[in-house]
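The values are calculated or read from the model by the stated rules, or taken from the named source; none is laboratory data. Since the model is a prediction, treat every value here as computed from it, not as a measurement. Cβ: placed from backbone, ideal geometry, glycine included. Neighbour counts: every protein chain shown. Accessible surface is based on the protein model in full, side chains and every heavy atom, while ligands, DNA and RNA are left aside. Shrake-Rupley method; radii C 1.70, N 1.55, O 1.52, S 1.80 Å.
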2 protein chains.
Amino acid sequence: MSGTDYRKELICEGPVVILVEPQLGENIGMVARAMANFGLFELRLVNPRDGWPNERANAAASRADHVIEATRVYEDLPGAIADLQYIVATTARQRDMLKDVLNPTEVSSILRRAHDENTRTGILFGRERWGLHNEEIALADVMVTFPVNPAFASLNIAQAVLLMSYEWMRSGQGELNESAFRAPDSEIAGKSDLQNFFNHLEGALEDAKYYYPEARRERMTNNLRSIFTHAGLKQQELQTLHGVVAALERRWLEKRNKKTK
Amino acid sequence: MSGTDYRKELICEGPVVILVEPQLGENIGMVARAMANFGLFELRLVNPRDGWPNERANAAASRADHVIEATRVYEDLPGAIADLQYIVATTARQRDMLKDVLNPTEVSSILRRAHDENTRTGILFGRERWGLHNEEIALADVMVTFPVNPAFASLNIAQAVLLMSYEWMRSGQGELNESAFRAPDSEIAGKSDLQNFFNHLEGALEDAKYYYPEARRERMTNNLRSIFTHAGLKQQELQTLHGVVAALERRWLEKRNKKTK
């Protein structure tokens with residue numbers, strides 16, 4: 001799924017991602033890669049089990065070098081969030097805490113608003129097996145959880161970071177119904193062009209004695225016109241169809257000419 | 001991030017996921033795991049490089065056994081989609097094709113509507129390195145692409161499946177602003193309760209000769225009340241604060257009693 005455009009400037013903004021006591025270098029690398037895909041760039045590690053730097057993290061990061069190189073390590077969570085102003089804690093479990101639990105879409109819109117107001121934000125992700133401790137969650141302003149299958153809830157930290165990073169990117173698109181690129185420019189065919197095509201097609205069918213019995217002509221015509229109308233044909237596609245009809249006409253004419261020879 | 005609740009019934013519905021010529025067993029396993037997290041269950045492989053079943057896929061699936069066991073293998077793509085009615089092709093690159101390119105949110109709402117009308121749908125994911133060929137995309141009704149960082153677009157197939165599966169789950173939540181669980185029930189404190197707390201706090205501060213100089217009393221009071229008003233305190237949190245004030249009062253009273261002894 002690589003579609004990197006090296007002429008484009010790298011997007012580097014948004015919340016800090018903070019991994020609390022991550023164990024596997026592979027996961028840290030995959031986190032960096034997930035972040036880079038969606039324009040996040042600032043990664044902090046609290047007390048990583050295997051130290052830092054970590055060769056396995058580099059390998060798994062798949063060229064997200066700008067994230068890996070800027071990664072900073074902290075001894076404890078309070079140190080890692082000291083310069084930030086708003087903290088989100090991810091959790092997969094219900095906690096007995098008086099803290100709002102939002103979904104990723106809600107939280108991302110809060111983070112985006114904060115970003116626009118120059119508020120420094122961070123998102124906490126817990127240990128591979130145990131997540132965050134309650135005293136760590138207590139340092140966060142809000143919790144976020146993912147709408148997973150209750151009977152199969154098994155997101156790893158790289159997947160959780162990917163989803164939050166994706167929602168972050170999505171929250172920045174003025175129009176939520178926006179995609180990175182659209183179909184190549186080709187206008188939807190105008191109705192007069194469509195009518196020209198109907199004339200061409202129906203003329204060819206007439207020659208081919210398609211309309212039989214005569215009583216069904218109107219119905220057959222309407223059905224055919226409906227088919228090509230509800231397809232939302234583009235100008236260019238209409239040209240293609242003209243070609244198809246023309247080709248079939250030629251074949252039919254050739255056949256008839258042979259017979260009459 | 002495990003939060004599986006084994007009392008809950010497994011969600012199994014939604015679009016078929018079709019991997020075209022996947023190479024690495026690990027990726028297939030991670031795809032199964034991603035699907036299971038968001039309730040998808042039907043996986044099809046077109047001509048997988050290392051055959052099927054695949055031990056590495058089983059290992060990476062992390063207990064998504066119901067997906068792995070039901071996986072079916074096909075020799076070609078037309079065979080894999082023969083029983084389906086609406087096909088989405090994922091792509092990371094602009095294609096010179098007259099086919100709409102939507103974002104995952106748009107496509108998921110189409111897939112959800114189709115699902116509700118019993119239309120059988122599928123989502124195509126291409127090879128690790130090259131994605132889908134144009135003749136494969138031509139078999140799809142629509143294309144979907146992810147809003148990635150243009151200068152770092154490097155989603156692997158498991159990540160792409162995860163994002164589509166997440167959007168699928170999200171599209172099924174009546175209220176987009178819904179999370180799997182909410183904070184434990186505790187009402188926001190009523191204003192009369194808040195007033196009681198102010199009385200308690202201000203009484204304690206009065207005893208402690210906090211309001212000095214007298215001219216600043218009103219301002220000091222207002223500032224304090226503002227702090228506790230804009231925090232949106234819950235009923236239970238207010239009880240906690242009463243306890244805090246009571247404890248400080250006791251300490252202060254003890255100190256004073258000691259001095260006067």
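One line per residue, one yes/no per condition, for (1) over 20 Å from B:LEU77 (Cα atoms); (2) among the acidic types (Asp, Glu):
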| position | (1), (2) |
| --- | --- |
| B:LEU10 | yes, no |
| B:VAL16 | no, no |
| B:GLU21 | no, yes |
| B:VAL31 | no, no |
| B:PHE38 | yes, no |
| B:LEU45 | no, no |
| message | Which condition from (1) out of contact with any Asp or Glu (no Cβ under 9 Å at 6 or more places or on another chain); (2) in the same structural domain as A:GLU136 (by TED's automatic domain parsing); (3) open to solvent by 20 Å² or more (accessible area, probe 1.4 Å) is the one that A:THR90 breaks? | response | (3)
| query | Applying the selection to the stretch B:122-158, what residues are within 23 Å of A:GLU237 (Cα to Cα) and open to solvent by 40 Å² or more (accessible area, probe 1.4 Å)? | reply | B:HIS133, B:ASN134, B:GLU135, B:ALA138, B:LEU139, B:ASP141
| request: Could you look through the stretch B:28-49, keep only residues that are more than 9 Å from every other protein chain (Cβ to nearest Cβ) and basic (Lys, Arg), and pick out the one that is nearest to B:ARG127 (Cα to Cα)? | output: B:ARG49
| request: Could you tell me which numbered condition A:SER226 fails, if it satisfies all but one of (1) open to solvent by less than 70 Å² (accessible area, probe 1.4 Å); (2) at pLDDT 80 or above; (3) in a helix (DSSP H, G or I)? | output: (2)
| field | Number of positions in the stretch A:65-78 that are out of contact with any strand residue (DSSP E or B) (no Cβ under 8 Å at 6 or more places or on another chain) and closer than 20 Å to A:ASN134 by Cβ | value | 1
| query | Could you list, in sequence order, the residues of the stretch A:187-231 that are more than 22 Å from A:GLY243 (Cβ to Cβ), more than 43 Å from the chain's Cα centre (by Cα) and not aliphatic (A, V, I, L, M)? | reply | A:LYS209, A:TYR211, A:TYR212, A:PRO213, A:GLU214, A:ARG216, A:ARG217, A:GLU218, A:ARG219
| From the options B:THR145, B:THR119, residue that is without any contact (Cβ under 8 Å) to a residue 60 or more places away in the chain, more than 8 Å from every other protein chain (Cβ to nearest Cβ) and hydroxyl-bearing (Ser, Thr, Tyr) | B:THR119
| query | So B:ALA61 clears everything in (1) without any contact (Cβ under 8 Å) to a residue 60 or more places away in the chain; (2) open to solvent by 20 Å² or more (accessible area, probe 1.4 Å); (3) closer than 25 Å to B:LEU111 by Cβ except one condition, right? Which one? | reply | (2)
| request: State all residues of the stretch A:96-121 that are crowded, with 23+ Cβ neighbours inside 10 Å and touching a strand residue (DSSP E or B) at 6+ places or on another chain (Cβ under 7 Å); if no residue qualifies, say none. | output: A:PRO104, A:VAL107, A:LEU111
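Here is a yes/no grid of residues against (1) open to solvent by less than 10 Å² (accessible area, probe 1.4 Å); (2) in contact (Cβ under 8 Å) with a residue 60 or more places away in the chain; (3) closer than 18 Å to B:LEU155 by Cβ:
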position: A:LYS8; (1), (2), (3): no, no, yes
position: A:GLU13; (1), (2), (3): no, yes, no
position: A:VAL16; (1), (2), (3): yes, yes, no
position: A:LEU19; (1), (2), (3): yes, yes, no
position: A:MET30; (1), (2), (3): no, yes, yes
position: A:ALA34; (1), (2), (3): yes, yes, yes
position: A:GLY39; (1), (2), (3): yes, yes, yes
position: A:VAL46; (1), (2), (3): yes, no, no
